[in-house]
Amino acid sequence: MDIASIIGLLLGISLLVISVLLAGASFGAFIDYPSIMVVVGGSICAVLISFPLKSFFSVGTIAKNVFFNKQENIGQLVDQIVSLAETARRDGLLALENRIDELSNSFIILGIQMAVDGSRPEVIEDIMRTEMDAVATRHRNGKSVIDQMGRFAPAFGMIGTLMGLIVMLGDMSPETIGGGMAVALLTTLYGAIVSNLFFLPFAEKLGFINKHELLAMEITIRGIMSIQSGDNPRVIEQKLSTFIPPKLRNASKEAA
Amino acid sequence: MDIASIIGLLLGISLLVISVLLAGASFGAFIDYPSIMVVVGGSICAVLISFPLKSFFSVGTIAKNVFFNKQENIGQLVDQIVSLAETARRDGLLALENRIDELSNSFIILGIQMAVDGSRPEVIEDIMRTEMDAVATRHRNGKSVIDQMGRFAPAFGMIGTLMGLIVMLGDMSPETIGGGMAVALLTTLYGAIVSNLFFLPFAEKLGFINKHELLAMEITIRGIMSIQSGDNPRVIEQKLSTFIPPKLRNASKEAA
Amino acid sequence: MDIASIIGLLLGISLLVISVLLAGASFGAFIDYPSIMVVVGGSICAVLISFPLKSFFSVGTIAKNVFFNKQENIGQLVDQIVSLAETARRDGLLALENRIDELSNSFIILGIQMAVDGSRPEVIEDIMRTEMDAVATRHRNGKSVIDQMGRFAPAFGMIGTLMGLIVMLGDMSPETIGGGMAVALLTTLYGAIVSNLFFLPFAEKLGFINKHELLAMEITIRGIMSIQSGDNPRVIEQKLSTFIPPKLRNASKEAA
Amino acid sequence: MDIASIIGLLLGISLLVISVLLAGASFGAFIDYPSIMVVVGGSICAVLISFPLKSFFSVGTIAKNVFFNKQENIGQLVDQIVSLAETARRDGLLALENRIDELSNSFIILGIQMAVDGSRPEVIEDIMRTEMDAVATRHRNGKSVIDQMGRFAPAFGMIGTLMGLIVMLGDMSPETIGGGMAVALLTTLYGAIVSNLFFLPFAEKLGFINKHELLAMEITIRGIMSIQSGDNPRVIEQKLSTFIPPKLRNASKEAA
Amino acid sequence: MDIASIIGLLLGISLLVISVLLAGASFGAFIDYPSIMVVVGGSICAVLISFPLKSFFSVGTIAKNVFFNKQENIGQLVDQIVSLAETARRDGLLALENRIDELSNSFIILGIQMAVDGSRPEVIEDIMRTEMDAVATRHRNGKSVIDQMGRFAPAFGMIGTLMGLIVMLGDMSPETIGGGMAVALLTTLYGAIVSNLFFLPFAEKLGFINKHELLAMEITIRGIMSIQSGDNPRVIEQKLSTFIPPKLRNASKEAA
């Protein structure tokens, strides 16, 4: 599913490179190291001021998530919960203990473990919802680091361009004015590209991944609560299936 | 009802073409393939990074919805629910089973089926509301793909213009400066048109269609719950009619 | 109360005309039909794509509302409800039937009718609140058509200016460049005026009118519910009077 | 407390005047009556269209509030409520009647009067909360008039500049172009100053004053409800003191 | 944890200085005192108008918080609450009185003190939540002073640039136009730097610090309520641990 992000990023970069070549411009005209320093360095500094050091360094992990996330398959999750419900119905809640080993999702394990331990339903739901809230908060904090990069990059692009213009206006001669202006505009270009091809889409994708993970957690909570209260596995399946898009629903039902 | 969108789009395009012709400009001055590539390609890449591949490819289906949606007629929906309520009142809930075949809306069918099966009211409402939430979420995700296209297009328009300006400033000669500047501005123009004549209105329309569909679902849920609890068909009609604009209300009542 | 809007609009237009004359400019320099076509036509097309045809055509009625709305007088409304409460207290709820004829507000009539018919309080409140929600939704839809006009107009102003600049840059000669640029800027000017002197203030006014109407409905609902539960007319008056600004309150009390 | 606003305004104006003088520019270059007319007149017209005449004329009173408001001292308010609670505890609720004369805040008087009259707690809270909501609504309406002035001023600044540019481009001669451009830019400058030195800070201040007044009302409601239910004055003091910033709290406690 | 903010700020300033030096520009070209006066002075005046004097002077304390805040360690807080819960379980609520001296966080002390005093749970939660709301409000007010500085700075940057341009256009000569333009652009540059390297990141950081403090308060409230109701310390630990990020959780558990 991450292929989309990788393809998008590579394609976007190629596209900009090709359009430069098509314009018959030398590629060197688009590279200016001090400009890169102002835009990228400035944005990093602004983000460094904005967040605790720990959040700042988590940016790598978060950005990696954009490309290398493995998302819970909602259909399989529902099937798994229904299957657990069948076991619980047939052999009792305690029988679920034997099935914990086959589970890989730590959030389901947490819920099943508490159900097996005989915790009260309110306690189970309370703990699971608090965990879900905490995950949502951590996700939001992580996403906001990326968001800020996307917001500060154009600002520092403009700062760099203003600095370039002021330098250029200082010694204006008809021969150098064009080149000076071109260099000055480079930082605005960098800021726009860094923001629109990297950080804003990354932030958007992270928001999407986060919503998907929270949906899986919501389904898990509802499933565990239903299992705990001894609901009929068919009713549980019907309830949880509403979270699956209709097209995929039949496939899932046939598999069940 | 989609005629509005089609007329609007065709009229808008004609209008821009005519205004170019009126200005006595050659139409060719407004076509530049690399600029189109940067704006459209760049926006597509940014959206490709922002969303999973599946959501991205659904863009076609979603955009089609703008033009070819058939919206539930709220008046007819209310009449249908009232008629079902009358059957249920007269012949009992089970009699609704015979009427399922004449229903076309799968959401009413779901509700009636559960009512006929004797599911408890809380379960029916819970499942129907979950389905409604799921539809709302899918709609929101679909709409946000279009929204992002509308937001990234002007950004890539600006990126293209900056690139064009930098190329132009590199070799400035009095003869070419005008043409170079014109080409540079083309990407900003493309970005503005793509955003304001296509994607932003599409997103707005989708939001409207979605709200209408959710309203129909809300009415259906209230209707099914009232039928299930054996309410008087006249009371149901009075309740649900409040959702119909007053002007259309009389017509609906006369028809009933 | 609409005088404000009419005066504001006429004054604003005169003001712009006078400032052109003061600048000693020929008025003709500010009229360019293709530019008007791009800005007004383009915005209309974008709105046509954004909304169903029915909503689009309601724009006339909605815009008329800005100038020719008659707003419920809150003080009189409270007095009327208190007077109805006195009748109900003295002669019973059924006595209200005789007073329905003297009522002009269809929302009070709806409530009184249901109270006279002996509907249960929950049903009355439910139906009245649903009606109020429906009115709020219709208002919001109507307002958003105007809002969109105000948002698209500057965008098409910019589109027109970009087109003008591209045409101008195509054949740049020292004699024509000034005139070409002036014409190009006209669309941006049109977009800004159409948006800031017409549609944005209209949308603001509509929001204000809508809030006022919903306040009157809220007061009516609370009043009807109090009448229905047999509250003391003095208590009802005290409760509802809090909605009247303090300055106007005494006048209303004296009148009562 | 209003000294801040007056100092800020005078200082800001002086600052702009001084910076003009420092630049060695003639002050007359910054005065252009038609430009003032377009910016200030245009914004006033837009606001006139946006609001009913009554709200529009309240702008003077509202703006005066920015400078001449006397804010409830939260510490004194808490002390007063605690003292009333002590009286109520010692001599009964009816004893509060004798103390009404010493109260100046009409909102406390309203609450105490109802408590003395023996109104039911739900009725007291309901009426007081409705009054509080009504005050919040009136404040919000008042603030939004100022907000709109702050939003329309830069828009009409831009409209004026566009008009100036179009006039200037009409007869471009090397001698007049500089002066024409300077006059054109004046309206944008006026719009920015009117917005950023007057109306936006005024709106911000009004928001602050309103929040403070609503906080005082919230404290009053909680205090009256506690007095009415016969709570221990120490508990009331502890509860209400949490609204006072810690630094000021000790002082208030010592005074108590 | 504040090292991030200090490093970020110093690095950001150095980076801008270095990029000026790299451009071979004289540093003096970037210093203009009247421009600094307009941007910094203007923003300060606008904020002075926007807030009461007291809030304005708190800006120093607030800004200091960005660099010198000591944040509650959530892991240690949870351990402390669990340890208090063990004491309460073993020796009764009253035994907590002896442990108050070892607590440093005044919010826990408040809660424990009330629990020891035998206040009713609703009263404890009510007082603690009111205190938490009051802290949130004070934080929000403090943050909004910084926010406004970040918003007004670019506005006054633009005002300064417009003034500079108008002065420059007044006496345009080919020799001075470049320098005049450069000086005019300086204020926009100052506004952008002051906003993007100082106040916007400061506001972001404050928001982060505030959220962290409110989280600690939320955990404290839940912990105190659980202790008061005599919950099992293991259950309390499990509940509160969900607020700790998974990576840090094990360490905390081992320490416990």
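The values are calculated or read from the model by the stated rules, or taken from the named source; none is laboratory data. The structure presented is a predicted model; accordingly, all values stated were derived computationally and were not measured. No Cβ is skipped: glycine too gets one built from the backbone with ideal geometry, and neighbour counts run over all protein chains shown.
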It is to be established whether one or more residues within segment B:30-42 are of a type in the set (D, E, K, R) and within 13 Å of chain C (Cβ to nearest Cβ).
yes
Could you say whether any residue in segment D:70-88 is more than 30 Å from D:Phe198 (Cα to Cα), at pLDDT below 90 and surrounded by 19 or more Cβ atoms within 10 Å (Cβ to Cβ)?
yes
Just give me the residues in segment A:145-178 being at the interface with chain E (Cβ under 10 Å from one of its Cβ atoms) and among the polar types (S, T, N, Q), in sequence order.
A:Gln148, A:Thr161, A:Ser173
Scanning segment A:118-135 residue by residue, those modelled with pLDDT under 90 and out of contact with any helix residue (DSSP H, G or I) (no Cβ under 6 Å at 6 or more places or on another chain) turn out to be A:Gly118, A:Ser119, A:Arg120, A:Glu122, A:Val123, A:Asp126, A:Thr130, A:Glu131, A:Asp133, A:Ala134, A:Val135
Would you mind telling me which numbered condition in (1) surrounded by fewer than 17 Cβ atoms within 10 Å (Cβ to Cβ); (2) at pLDDT 90 or above E:Gly28 fails?
(2)
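Condition check ((1) surrounded by fewer than 21 Cβ atoms within 10 Å (Cβ to Cβ); (2) more than 10 Å from every other protein chain (Cβ to nearest Cβ); (3) among the aliphatic types (A, V, I, L, M)) across all residues:
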site	(1), (2), (3)
D:Gly12	no, no, no
D:Phe56	yes, no, no
D:Thr61	yes, yes, no
D:Phe68	yes, yes, no
D:Asp91	yes, yes, no
For segment E:31-45, give me each residue that is crowded, with 24+ Cβ neighbours inside 10 Å and farther than 15 Å from E:Val167 by Cβ.
E:Val39, E:Gly42, E:Ser43, E:Cys45
In segment A:157-173, anything among the small types (Gly, Ala, Ser), without any contact (Cβ under 8 Å) to a residue 12 or more places away in the chain and in a helix (DSSP H, G or I) is listed as A:Gly170
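Okay, residues lined up against (1) touching a residue at least 40 places away in the same chain (Cβ under 8 Å); (2) more than 8 Å from chain C (Cβ to nearest Cβ); (3) part of a helix (DSSP H, G or I); (4) surrounded by fewer than 24 Cβ atoms within 10 Å (Cβ to Cβ):
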{"site": "B:Thr187", "(1), (2), (3), (4)": "yes, yes, yes, no"}
{"site": "B:Gly191", "(1), (2), (3), (4)": "yes, yes, yes, no"}
{"site": "B:Pro201", "(1), (2), (3), (4)": "yes, no, yes, no"}
{"site": "B:Lys205", "(1), (2), (3), (4)": "yes, no, yes, no"}
{"site": "B:Asn210", "(1), (2), (3), (4)": "yes, yes, yes, yes"}
{"site": "B:Glu213", "(1), (2), (3), (4)": "yes, yes, yes, yes"}
{"site": "B:Ile219", "(1), (2), (3), (4)": "yes, yes, yes, yes"}
{"site": "B:Met225", "(1), (2), (3), (4)": "yes, yes, yes, yes"}
Quick one: is D:Leu48 modelled with pLDDT of 90 or more, surrounded by 13 or more Cβ atoms within 10 Å (Cβ to Cβ), within 14 Å of chain C (Cβ to nearest Cβ) and within 22 Å of C:Asp2 (Cβ to Cβ)?
yes
Residue check for C:Val20: among the hydrophobic types (A, V, I, L, M, F, W, C), in a helix (DSSP H, G or I) and modelled with pLDDT of 90 or more
no
Is it the case that B:Ile166 is within 30 Å of A:Pro201 (Cβ to Cβ), hydrophobic (A, V, I, L, M, F, W, C) and buried (at least 19 other Cβ atoms within 10 Å of the Cβ)?
yes
Taking segment A:116-132, which residues are more than 9 Å from every other protein chain (Cβ to nearest Cβ) and touching a Lys or Arg at 6+ places or on another chain (Cβ under 8 Å)?
none
So, D:Ala29, is that one part of a loop (DSSP other than H, G, I, E, B) and within 30 Å of E:Met181 (Cα to Cα) or not?
no
Which condition number in (1) aliphatic (A, V, I, L, M); (2) more than 8 Å from chain D (Cβ to nearest Cβ); (3) in contact (Cβ under 8 Å) with a residue 40 or more places away in the chain; (4) in contact with a Pro (Cβ under 6 Å, 6 or more places away or on another chain) is the one that E:Leu16 fails?
(4)
Residues in segment D:50-84 that are in contact with a Ser or Thr (Cβ under 8 Å, 6 or more places away or on another chain), more than 22 Å from D:His139 (Cβ to Cβ) and among the aliphatic types (A, V, I, L, M): how many?
2
